[in-house]
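Working notes, structure below.
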Amino acid sequence: MPPQVLKAFHEAAQSACSLQELQYAASKRIQKHTGAEMGLVTAGCSAALTLGTAAILAGSSYTKMARLPWVDDGPNEFLIAREQRNGYDHAFRAAGAQLVEVGFNEIVANAGVRRTELWEYDEAITPRTAGIIYVAGDDTHPPLRDVVKLANDRCLPIIIDAAGEVLPRSRIREIVATFADVVCFSGGKAIRGPQSTGVLCGRYEPVTSAMMQMLDMDDHPSLWSLPTDTVSHFFYQYPPRHGLGRGYKVSKEEIIALLVAMDLFFDGEYLKERPQQIAWLEQIAKSLPNSATSRLHIPSDGERFPTLEIQLDEQRLGRSAFDVCKELRSGTPRIFVGHGLLGEGKFVIHPLCLQPGHADMISARLIEELR
Ligand SMILES: *Cc1c(COP(=O)(O)O)cnc(C)c1O
């Protein structure tokens, strides 16, 4: 977290406020940055996925909210492409969703060339279908806008996991503009808010439902009210009981800190660090001994992070990239490199968390390990 974010966190701790009003103010700010009708600060993207699913399953029904994660009086199946299944499945299932796969994973299985196709979603829709799940990425298929359009045409809600899809800064706005019902992203990744924060945004109805299922509802019904322009769209006249999302609460400090981080992020403040980050990666690249070669990758959009990919000559070193990665993690200082390509004898240096002086330390450790 940048100093301004920490300062905001600290200052927020010194005053008291209504969480409901604060979330409503946060919604305005999220609206400004994403173009969504409404937004909610959540306890991470994963929590947003659970709350978004709960919102789709229960809508504005207090009875349905009360029964979650049991859904025995309506549709509870969500379509998801088999190639998009991942460990965050739990987030959807925790709210009561049952996942129904469409398509295959033929490329990974080395059994074909085809990706998931749009008609497969269309054909799989039944009266038990409650919605569609889509995990957004650089190379997801079929394209997000096509799947959102299909969902809209078939009057099915769609929830998008866009956890890390925040760069370039126009990306979230583009996803929201497809008219997806619920879009979720992390506050603790490139936005650099508290690690435990995320955002759920999109259309009024599901975001309001998610808010109702997360906020503390311990008040006298005669005193309770939601801020006016959210209720005008829906008819929440008295508070429901605590919802499924009550255990996913966020503090006022986290909310304020995330909003400050979002301002810095969306105003392009962090991009000022990019030239320095590139210089650090170049410095590390230059210091590498002969047992490694490197490739500096600088995305041409001028926004996504530069990264340094280091290819080891494993034969010459007599050690694998896994061995080197393990040594780097246990040395002094401890260094954690990007580990997605270790199987190809490569690791990656990502500059997000680099501070002044770190590039020197990394170079020194790499020279030691790769000698
Ligand atoms: C990181 C990530 C999440 C979880 O985000 P948190 O903010 O850590 O809860 C969910 N889905 C995907 C695809 C992610 O990369």
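The values are calculated or read from the model by the stated rules, or taken from the named source; none is laboratory data. Just so we're clear, the structure is a prediction, and the values are computed from it rather than from any experiment. Note that each Cβ is placed from the backbone with ideal geometry, even for glycine, and that neighbours are counted across all protein chains shown. All accessible areas refer to the heavy atoms of the entire protein, side chains included, with ligands and DNA or RNA removed. Shrake-Rupley method; radii C 1.70, N 1.55, O 1.52, S 1.80 Å.
Out of the residues in region 167-191 that are open to solvent by 50 Å² or more (accessible area, probe 1.4 Å) and touching a residue at least 24 places away in the same chain (Cβ under 8 Å), which is nearest to A26 (Cα to Cα)?
R173
Restricting the search to region 190-227, which residues are β-branched (V, I, T) and not in a helix (DSSP H, G or I)?
I191, T197, V199
What tally of residues in region 195-207 results from selecting those that are more than 10 Å from the ligand (Cβ to nearest atom) and surrounded by 23 or more Cβ atoms within 10 Å (Cβ to Cβ)?
Number satisfying all stated conditions: 5.
If the condition is being charged (D, E, K, R), within 16 Å of the ligand (Cβ to nearest atom) and in contact with a Phe, Trp or Tyr (Cβ under 7 Å, 6 or more places away or on another chain), then region 119-172 contributes D161, E165.
In region 275-294, the condition of being of a type in the set (D, E) and either out of contact with any Pro (no Cβ under 8 Å at 6 or more places or on another chain) or open to solvent by 80 Å² or more (accessible area, probe 1.4 Å) (or both) is met by at least one residue.
In summary, V182 fulfils each of the numbered conditions (1) hydrophobic (A, V, I, L, M, F, W, C); (2) more than 16 Å from the ligand (Cβ to nearest atom); (3) at pLDDT 95 or above with the single exception of condition (2). Can you find, within region 47-104, the residue that is most open to solvent (accessible area, probe 1.4 Å) among those that are out of contact with any strand residue (DSSP E or B) (no Cβ under 7 Å at 6 or more places or on another chain) and among the polar types (S, T, N, Q)? If we take residues in region 47-104 being out of contact with any strand residue (DSSP E or B) (no Cβ under 7 Å at 6 or more places or on another chain) and among the polar types (S, T, N, Q), then T63 is most open to solvent (accessible area, probe 1.4 Å). Here the helices (runs of 4 or more DSSP H) wholly within region 38-93 that include at least 2 residues being within 13 Å of the ligand (Cβ to nearest atom) are 45-58, 89-93.
Taking region 235-252 as the range and being in a helix (DSSP H, G or I) and open to solvent by 30 Å² or more (accessible area, probe 1.4 Å) as the test, the residues that pass are L244, R246, G247, Y248, K252. Checked across region 108-118, the condition of being open to solvent by less than 50 Å² (accessible area, probe 1.4 Å), out of contact with any Phe, Trp or Tyr (no Cβ under 9 Å at 6 or more places or on another chain) and farther than 22 Å from L49 by Cβ holds for at least one residue.
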